[in-house]
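Read through the structure below, which is laid out as structure tokens, and then see the notes.
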Amino acid sequence: MEVKMTMEEYKQLEDAKNNYESLKREIRGCTEFYEEEGQSPDNYIDLVAEIDLKKLEEVLLRDIDFAEDGDINKIKFKNIKGEK
């Protein structure tokens, strides 16, 4: 079965792909990676990603359209260790 798309559909697909890749790069820019000793009995090393939530909030507020009714001014993160 052959699927054809218009040039406009192709452009939209490429734009979506580029936006996704751009957002992925921005999120990685908020992240530091390091290794630490694992907690399991086999003592494997865990790869840890530590995310700067302030930088991530700036990326999300700038790049994500959360609401159609208006702009979001602040993001509250749930389930963060040490916070209620």
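The values are calculated or read from the model by the stated rules, or taken from the named source; none is laboratory data. These numbers come from a predicted model, not from an experiment. FYI the Cβ positions are ideal-geometry reconstructions off the backbone, even for glycines, and counts take in every protein chain you see. The area values use the complete protein model at the heavy-atom level, side chains included, leaving out ligands, DNA and RNA. Shrake-Rupley method; radii C 1.70, N 1.55, O 1.52, S 1.80 Å.
With every protein chain left in place, what is the accessible area per residue of the chain in square angstrom, probe 1.4 Å?
97 Å²
On the accessible surface of region 30-84, probed at 1.4 Å, how many percent belong to carbon and sulfur atoms?
Solvent-exposed carbon and sulfur of region 30-84 make up 47 percent of the total.
Show me the GluC sites (Glu not before Pro) within the chain that DSSP assigns to loop and that have at most 13 other Cβ atoms within 10 Å of their Cβ.
Of the GluC sites (Glu not before Pro), the ones in loops of the chain whose Cβ has at most 13 other Cβ atoms within 10 Å are 2, 68, 83.
Taking 18 Å as the cut-off for C-alpha to C-alpha distance, list the pairs among 24/55; 54/78; 24/78; 54/74; 55/78 that go past it.
Violating the 18 Å Cα-Cα cut-off are 24/78.
At 25 °C and 0.890 mPa s, what whole-number value in µm²/s does Stokes-Einstein give for the translational diffusion of the chain, with Rh from the Kirkwood sum over Cα pairs?
Translational diffusion coefficient: 148 µm²/s.
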